[in-house]
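The next block holds one structure in the form of structure tokens; read it before the comments.
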Amino acid sequence: MRGLIGAGALVAAFAAIAVGIHAGAFDGFDRALLLSLRTGDTHDPAGPQWVETFFLDITGLGSWTIVSIVTLAATGFLIMQKRRGTAWLLIAAVAGGTLLNNLLKFFFERARPDLVAHAVETQTSSFPSGHAMMSAVAYLTLGALLARTQKRLAARLYIVAASVLVTVLVGVSRVYLGVHWPSDVLAGWCMGGAWALICWHIAERLQQSGDIEKPRG
């Protein structure tokens, strides 16, 4: 039940951000934060070259290609661990999250930032950030499911912490590279986190009913 309450709170936060954007409440915040990550030249991200290279590498972790590869690799691991039900749940979670993200982008159709130069090419609308949302959907769900396969608390905490770190870094990279307004990323985290919490709740219910494997430890 706590998972559903948390998911509801995140969906409400997403809705508040969407309404705020429509009302122009985030204009100043978005512009100020984007410009703070640029030097005097709006084509040049702030910081040394290695920082830009780092975020260019990190942002790929939220792409559809990498998320799909990671999901398939994790699915194979779960199957080898004789946790087929958990593997199917992971696939359903990521596929459902992808569909939801595409629907939201189609509905809102927010334009990409034109305030600064884009460091990478983009082809879809801006709201919510697909990379931020899908990294939350994939890595938080994957982290929670994989953590349940571990007996040691330290191992479970490490997996979840790593999942959160990747999710945060991917979102930050989208703003740093100039391809998303900060509010796009906040909304992506909110909806992605909500979807992950719903999937965790479903996993717990299915484990209780015996439809998928119970966690170890």
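The values are calculated or read from the model by the stated rules, or taken from the named source; none is laboratory data. It should be emphasised that the depicted structure is a prediction, and the values quoted were computed from it without experimental measurement. Glycine also receives a Cβ, built like all others from the backbone with ideal geometry; neighbour counts cover every protein chain displayed.
Points to keep in mind about this one:
- Only one of the numbered conditions (1) touching a Pro at 6+ places or on another chain (Cβ under 8 Å); (2) among the small types (Gly, Ala, Ser); (3) crowded, with 19+ Cβ neighbours inside 10 Å is not met by Gly97, and that is (1).
- Failed item, numbered, when Ala117 is tested on (1) exposed (fewer than 13 other Cβ atoms within 10 Å of the Cβ); (2) not in a helix (DSSP H, G or I): (1)
- Residue match in the stretch 102-116 (condition: within 17 Å of Val67 (Cβ to Cβ), in contact (Cβ under 8 Å) with a residue 60 or more places away in the chain and out of contact with any helix residue (DSSP H, G or I) (no Cβ under 6 Å at 6 or more places or on another chain)): yes
- Test result for Gly130, modelled with pLDDT of 90 or more and in contact with a His (Cβ under 6 Å, 6 or more places away or on another chain): no
- Residues in the stretch 51-75 that are of a type in the set (Phe, Trp, Tyr) and either without any contact (Cβ under 8 Å) to a residue 60 or more places away in the chain or more than 20 Å from Val179 (Cβ to Cβ) (or both): Phe54 only.
- Enumerated helices (runs of 4 or more DSSP H) restricted to the stretch 123-217, each holding at least 2 residues that are of a type in the set (S, T, N, Q), touching a Phe, Trp or Tyr at 6+ places or on another chain (Cβ under 7 Å) and without any contact (Cβ under 8 Å) to a residue 60 or more places away in the chain: 153-176
- Residue ID - nearest to Ser173 (Cα to Cα), chosen from residues in the stretch 1-50 that are among the β-branched types (Val, Ile, Thr) and either touching a residue at least 60 places away in the same chain (Cβ under 8 Å) or in contact with a Leu (Cβ under 7 Å, 6 or more places away or on another chain) (or both): Thr42
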